[in-house]
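Undergrad: Provided herewith is a single structure, encoded as structure tokens, for subsequent inquiry.
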Amino acid sequence: MTGRHAGGSRRGVAYVTLVLAAVGALLTGLGVWITWSDGSGGTDGKEDSSRPAGHALPDNAASGKLPDGPCAPDAELEPSCGAWWGAYVPYAANGSLKDAVYGFEKKIGRKLDLVYNYHDMSRGTLDGQLLTPDEQALGRDRLLMLAWESTVWKEPHHANWTEDQLGWKNIASGKYDEEIIDPQARRIKAYGKRIFFSFDQEVDFRVNDAGTPAEYVAAYRHLHDRFKALGVDNVVWVWTVSGYLKHGELMKQLYPGDAYVDWIGMDQYNYFLCHKSPNWLDFDQSQRPSYDWLRANISDRKPVMLAEFGTAPDPADPDRQRDWYAAIPETVRTMREAKGLVQWNRAVPGKNCDLTVDSGPALEGYREAGRDKWFKQQVPPR
């Protein structure tokens, strides 16, 4: 668990309505935060810097010939061999997601296959609007994964991890269809290109704050069915849990069912010394137990996404971070259904909790892993 959900609490309906209105107005005003890069930071120097209108429906990004060959992805974006190489990269200091991703790619020496970003349900253009201009630009030659949270964040980009819950029961009832869900569904439909989509990731850490497991399943299914009714057929549904094995029975209760899920996501880390974790876990030890459990207890018919992963440093032995990342290609080849890997490139609250690979041995190991042929995939244009 990265800490994104800390501090959340359920509120009265009237209070949440006021928060929606106030935060929506605030974030609309803060929309000027999103500055548009000239594209010069791209790893290939050929990024298209044309800017879609911020408030308009997205441009249709679905164009071009689909990849073919033995490793071409299927309709649910599952590659037949190898895996997608992705990352969550926080916004740059100037407010640009494009600049942040281009800068990260320059450091790691390759273009990401998949860019992961998070949104709330505030309706503001800063965080509450799916497929921002920056996301659309990045999505022209990368896959996007959007995590949509049933909350209203109290600060831009969830900077201090505080939020107000809308409540799964309210979402399942259709209360927010017209003002929140339908407009965003239409934006995704207009975009055209397939995207990965996750609703309330690490959902096992949201129970009680947002509702009961049964209410979550109802909310997830309602969202899925609402998208379908609106003709949104370019969403690949990712159900994401922490993978924390002490939540095993809870995760079973939270699964919406194979008919509603395309991929299973999990967020596991080597937190060594962060969050009071005493033991160093190498990549295999940190990922395989949850991977195996999900395959055995949730579904063995769905590909698995390591939707967030990373390692804290060992202050006594900095090279351990390099070795942790460098071991990924060999290990993931033995986890045959792990078809997408998304590194969490953001420090989380707490001492020794810098999970980034921005410099030093961590960057060296991550660069080495990303050069492996297992992660050389053809990103589909639609």
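Undergrad: For residues that are surrounded by fewer than 20 Cβ atoms within 10 Å (Cβ to Cβ) and small (Gly, Ala, Ser), tally how many sit in segment 173-189.
TA: Qualifying residue count, segment 173-189: 2.
Undergrad: Tally the residues that are of a type in the set (Gly, Ala, Ser) and more than 20 Å from the chain's Cα centre (by Cα), restricting the search to segment 170-216. Step through it out loud before you land on a result.
TA: Of the residues in segment 170-216, the ones of a type in the set (Gly, Ala, Ser) are 172-174, 185, 190, 192, 198, 210-211, 214.
Filter once more, so that each one left must be more than 20 Å from the chain's Cα centre (by Cα): 172-174, 190, 211, 214.
Qualifying residue count for the region: 6.
Undergrad: Kindly indicate which of Trp344, Trp374 is closer than 30 Å to Glu249 by Cβ, touching a residue at least 24 places away in the same chain (Cβ under 8 Å) and surrounded by 15 or more Cβ atoms within 10 Å (Cβ to Cβ).
TA: Sole residue among the options that is closer than 30 Å to Glu249 by Cβ, touching a residue at least 24 places away in the same chain (Cβ under 8 Å) and surrounded by 15 or more Cβ atoms within 10 Å (Cβ to Cβ): Trp344.
Undergrad: Look through Ser290, Ser299 and report the one residue that is among the small types (Gly, Ala, Ser), within 21 Å of Met145 (Cβ to Cβ) and in a helix (DSSP H, G or I).
TA: Ser290
Undergrad: How many residues does segment 255-285 hold that are hydroxyl-bearing (Ser, Thr, Tyr), crowded, with 17+ Cβ neighbours inside 10 Å and more than 19 Å from the chain's Cα centre (by Cα)?
TA: Residues meeting the conditions: 1.
Undergrad: Moving to a separate point now. Can you tell which of Met305, Met335 is in a strand (DSSP E or B) and within 21 Å of Cys81 (Cβ to Cβ)?
TA: Residue meeting the stated conditions: Met305.
Undergrad: Would you please name the residue that is surrounded by the most Cβ atoms within 10 Å (Cβ to Cβ), looking only at residues in segment 86-112 that are assigned to a loop (DSSP other than H, G, I, E, B) and basic (Lys, Arg)?
TA: Selected residue: Lys111.
Undergrad: Let me ask something else. Tell me the helices (runs of 4 or more DSSP H) entirely within segment 132-229 that contain at least 2 residues that are touching a helix residue (DSSP H, G or I) at 6+ places or on another chain (Cβ under 9 Å) and closer than 27 Å to Val348 by Cα.
TA: Passing ranges, in order: 133-138, 213-229.
Undergrad: Right, next: Could you pull out the residue among Thr311, Thr331 that is β-branched (Val, Ile, Thr) and surrounded by fewer than 20 Cβ atoms within 10 Å (Cβ to Cβ)?
TA: Of the residues listed, the single one that is β-branched (Val, Ile, Thr) and surrounded by fewer than 20 Cβ atoms within 10 Å (Cβ to Cβ) is Thr331.
Undergrad: To continue, here is another question. What number goes with the only condition from (1) farther than 14 Å from Tyr271 by Cα; (2) in contact (Cβ under 8 Å) with a residue 60 or more places away in the chain that Cys353 does not pass?
TA: Failing condition for Cys353: (1).
Coordinate-derived values only; no laboratory data. Since the structure is predicted, the reported quantities are computational estimates derived from the model, not experimental observations. Positions of Cβ are generated from backbone atoms using ideal geometry, with glycine treated the same way; all protein chains shown enter the neighbour counts.
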